[in-house]
């Protein structure tokens, strides 16, 4: 099986797994709801980038995903007028 095929299979597993973390009601449900989906979100972006940039090091990709998602989380703490304007639009 080729590496791109493996990445697509992993992506097909990670997506429902991430969505399932929000529906899980067993032991550790609080942790799963709070952190399980976030872990799957990070893994999804690392796998998606690896599929698009196969020659790029996984360490470089994972560091980049971490920095970008950390930046997005930091922006959620900020209340600049231009950010509030963007947040006012519904998707």
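The values are calculated or read from the model by the stated rules, or taken from the named source; none is laboratory data. Since we're looking at a predicted model, the values are computed, not measured. Cβ: placed from backbone, ideal geometry, glycine included. Neighbour counts: every protein chain shown.
Things to note:
- Among the conditions (1) exposed (fewer than 13 other Cβ atoms within 10 Å of the Cβ); (2) assigned to a helix (DSSP H, G or I); (3) touching a helix residue (DSSP H, G or I) at 6+ places or on another chain (Cβ under 8 Å), residue 54 misses just one, which is (2).
- Taking residues in the stretch 69-91 that are in a helix (DSSP H, G or I), and partners anywhere that are modelled with pLDDT of 90 or more, the pairs with Cβ atoms closer than 7 Å and at least 6 places apart or on different chains are 69/42.
- Of note, residue 42 does not satisfy the criterion of being over 21 Å from residue 12 (Cα atoms) and either in a helix (DSSP H, G or I) or modelled with pLDDT under 95 (or both).
- Scanning the stretch 23-40 for residues that are exposed (fewer than 15 other Cβ atoms within 10 Å of the Cβ) and either in contact with a strand residue (DSSP E or B) (Cβ under 7 Å, 6 or more places away or on another chain) or within 21 Å of residue 63 (Cα to Cα) (or both) gives 35, 38, 39.
- Among residues of the stretch 36-56 that are touching a residue at least 24 places away in the same chain (Cβ under 8 Å), those with a Cβ under 9 angstrom from a residue that is surrounded by 14 or more Cβ atoms within 10 Å (Cβ to Cβ) and not in a helix (DSSP H, G or I), sequence gap 6+ or separate chain, pair up as 40/21.
- Subset of the stretch 5-22 [closer than 11 Å to residue 36 by Cβ and surrounded by fewer than 15 Cβ atoms within 10 Å (Cβ to Cβ)]: 19, 20, 22
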